[in-house]
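Trainee: The structure that follows is given in the form of structure tokens.
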Amino acid sequence: MASYAGLRVVLYWPHVHEEPAMKCLPCLAAGLLAASLCVAQPAGSPPHVTLVVGGPAGTPGDTIARTLSEPLSRELGRPVTVENRPGAAGTLALSAVGRAAPDGGVFGIFALQSVVAPQLIKAMPYDTARDLSAVRQVSTVTNVLVVRPDSAIADVAALVRGARQGKLTYASAGMGTPSHLAAELFAQEAGVSLQHIPFNGPVAALTALVGGHVDVMFATTPAALPLVKAGKIRPVAVTSAHRLASLPDAPSMAELGYAQASVRDWHGIVAPAGTPPEKIGQLAAAVGRILGTEGVRERLLAAGLEPVADSGPVEFRRFMAAETERWARVLQKAGVTLQ
């Protein structure tokens, strides 16, 4: 029998020929780990934590949540589960987060689309400022301009010429999604018009591009990379200030003279309004430590997600406000109205 932090761990060794101490080392380690996790939990903490994602499995938000869940369980000393609530531009998920008890048991993934949704949807089921609290930013995602391999659009200059000669079409994953916003911002800076063909999600939009139903798409890197590697689409440029390691041959919009067309999707974590600052700070600090580990960083980068090292509740709240203002101007200039 052993004692650890006030907990008694009883070890039982059956009569076997192997050396009992060596045989039961895993048992001892498991017992001590369980005891340490129990002690680590702050008073009043829920028994587990749920990360709510507004998209299906395989989407960037889901990848982030599932990458963080296991190491976050170790950091917090509580199980962390991922709950997918796709639909309505992520508003269903964030509405559930806003209604949850503010006790540190429920958090949600908040993205670029989340600041755009209130500008496009009249009947919003929640109010960001009233119902949600910022925790920290987690990652950024670059968009990539892609075409079919046999497309005559060899570069961005060819896209601009084609747009000026006639109506080129572009696919998006839906109104207000990063693929829509990136195309609109590029069209405004280039002084051209592109016809928007929205689809229900990135898979449907990319399928339409591959099938020849649209001319181009400003897809998110995680969605585009598998098709690029399979040779089904061709990258033309990336909407960032620099080239990406995963697409080294694709020039950045900035180096092509379209610096204002640099668009990056992003993801962060929010909590129900009223969640105690110490619980928000605990999660923000834990996620920061996790993002600094090599394994997590490599996994996110492989998925086209760039971790954000320096962020916290104050920084993320300011960032969300700045993004809200930026995209309100873009949507107003593009003539996109509330649905």
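The values are calculated or read from the model by the stated rules, or taken from the named source; none is laboratory data. Predicted model only: the values in this text are computed from it and were never measured. Please note: Cβ atoms are built from the backbone with ideal geometry, for glycine as well, and neighbour counts cover all protein chains shown. Quick note on the areas: whole protein, heavy atoms, side chains included, nothing else; ligands and nucleic acids left out. Shrake-Rupley method; radii C 1.70, N 1.55, O 1.52, S 1.80 Å.
Trainee: Would you mind telling me which numbered condition in (1) without any contact (Cβ under 8 Å) to a residue 40 or more places away in the chain; (2) touching a Ser or Thr at 6+ places or on another chain (Cβ under 6 Å); (3) more than 16 Å from Gly176 (Cα to Cα) Gly90 fails?
Mentor: Status for Gly90: all satisfied but (3).
Okay, residues lined up against (1) among the hydroxyl-bearing types (Ser, Thr, Tyr); (2) in contact with a Cys (Cβ under 7 Å, 6 or more places away or on another chain); (3) surrounded by fewer than 20 Cβ atoms within 10 Å (Cβ to Cβ); (4) without any contact (Cβ under 8 Å) to a residue 24 or more places away in the chain:
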{"position": "Gln260", "(1), (2), (3), (4)": "no, no, yes, no"}
{"position": "Val263", "(1), (2), (3), (4)": "no, no, no, no"}
{"position": "Pro272", "(1), (2), (3), (4)": "no, no, no, no"}
{"position": "Pro277", "(1), (2), (3), (4)": "no, no, yes, no"}
{"position": "Ile280", "(1), (2), (3), (4)": "no, no, no, no"}
{"position": "Gly292", "(1), (2), (3), (4)": "no, no, yes, yes"}
{"position": "Ser311", "(1), (2), (3), (4)": "yes, no, no, no"}
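Trainee: If only one of Leu168, Leu145 is open to solvent by less than 50 Å² (accessible area, probe 1.4 Å) and more than 20 Å from the chain's Cα centre (by Cα), which one is it?
Mentor: After applying the criteria, what remains is Leu168.
Trainee: Mind checking whether some residue in the stretch 61-71 is in contact with a His (Cβ under 6 Å, 6 or more places away or on another chain) and assigned to a helix (DSSP H, G or I)?
Mentor: Yes, some residue in the stretch 61-71 is in contact with a His (Cβ under 6 Å, 6 or more places away or on another chain) and assigned to a helix (DSSP H, G or I).
Condition check ((1) among the hydroxyl-bearing types (Ser, Thr, Tyr); (2) under 27 Å from Ala89 (Cα atoms); (3) touching a residue at least 12 places away in the same chain (Cβ under 8 Å)) across all residues:
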| position | (1), (2), (3) |
| --- | --- |
| Phe199 | no, yes, yes |
| Gly211 | no, yes, no |
| Ala230 | no, no, no |
| Arg234 | no, no, yes |
| Val238 | no, yes, yes |
| Ser246 | yes, no, yes |
| Pro251 | no, no, yes |
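Trainee: Then there's this: When only residues in the stretch 184-221 that are among the acidic types (Asp, Glu) and touching a strand residue (DSSP E or B) at 6+ places or on another chain (Cβ under 9 Å) count, which is nearest to Pro235 (Cα to Cα)?
Mentor: Asp215
Trainee: Here is a list of conditions, (1) open to solvent by 40 Å² or more (accessible area, probe 1.4 Å); (2) at pLDDT 95 or above; (3) closer than 27 Å to Gly87 by Cα, and Leu194 meets all of them except one; can you say which number that is?
Mentor: Among (1) open to solvent by 40 Å² or more (accessible area, probe 1.4 Å); (2) at pLDDT 95 or above; (3) closer than 27 Å to Gly87 by Cα, the lone unmet condition for Leu194 is (1).
Trainee: Which of the residues that make up the stretch 167-178 are out of contact with any helix residue (DSSP H, G or I) (no Cβ under 6 Å at 6 or more places or on another chain) and within 16 Å of Gln188 (Cα to Cα)?
Mentor: Listed by number, the residues that qualify are Lys167, Thr169.
Trainee: Condition test on Val116, is it at pLDDT 95 or above, at negative phi, under 20 Å from the mean Cα position of the chain (by Cα) and among the β-branched types (Val, Ile, Thr)?
Mentor: Against the criterion (at pLDDT 95 or above, at negative phi, under 20 Å from the mean Cα position of the chain (by Cα) and among the β-branched types (Val, Ile, Thr)), Val116 does not qualify.
Trainee: Given the options Gly108, Gly176, Gly201, name the one that is of a type outside the set (A, V, I, L, M, F, W, C) and modelled with pLDDT of 95 or more.
Mentor: Result: Gly108 is the single residue among Gly108, Gly176, Gly201 that is of a type outside the set (A, V, I, L, M, F, W, C) and modelled with pLDDT of 95 or more.
Trainee: Applying the selection to the stretch 243-252, what residues are more than 22 Å from the chain's Cα centre (by Cα) and either open to solvent by less than 70 Å² (accessible area, probe 1.4 Å) or within 30 Å of Val52 (Cβ to Cβ) (or both)?
Mentor: Hits for the stretch 243-252 are Ala250, Pro251.
Trainee: Can you work out which of the residues in the stretch 171-186 that are over 17 Å from the mean Cα position of the chain (by Cα) and touching a residue at least 60 places away in the same chain (Cβ under 8 Å) is surrounded by the fewest Cβ atoms within 10 Å (Cβ to Cβ)?
Mentor: Step by step, filter the stretch 171-186, then rank; the result is Met175.
Trainee: Kindly indicate the residue of the stretch 204-242 that is assigned to a loop (DSSP other than H, G, I, E, B), open to solvent by less than 60 Å² (accessible area, probe 1.4 Å) and at pLDDT 95 or above and also farthest from Tyr258 (Cα to Cα) among those meeting that condition.
Mentor: Gly211
Trainee: For the stretch 62-87: of the residues being more than 22 Å from Gln282 (Cβ to Cβ) and out of contact with any Pro (no Cβ under 8 Å at 6 or more places or on another chain), which is surrounded by the most Cβ atoms within 10 Å (Cβ to Cβ)?
Mentor: Arg85
Trainee: Looking at the stretch 101-125, which of its residues are more than 24 Å from Gly335 (Cα to Cα) and surrounded by 19 or more Cβ atoms within 10 Å (Cβ to Cβ)?
Mentor: Listed by number, the residues that qualify are Gly104, Val106, Phe107, Gly108, Ile109, Phe110.
Trainee: Another question, if that's okay. Write out, first by first residue and then by second, each pair whose Cβ atoms fall under 7 Å of each other, whose residues are 6+ apart or on separate chains, and whose first residue, in the stretch 68-86, is farther than 12 Å from Thr50 by Cα while the second is modelled with pLDDT of 95 or more and among the basic types (Lys, Arg).
Mentor: Glu75/Arg289
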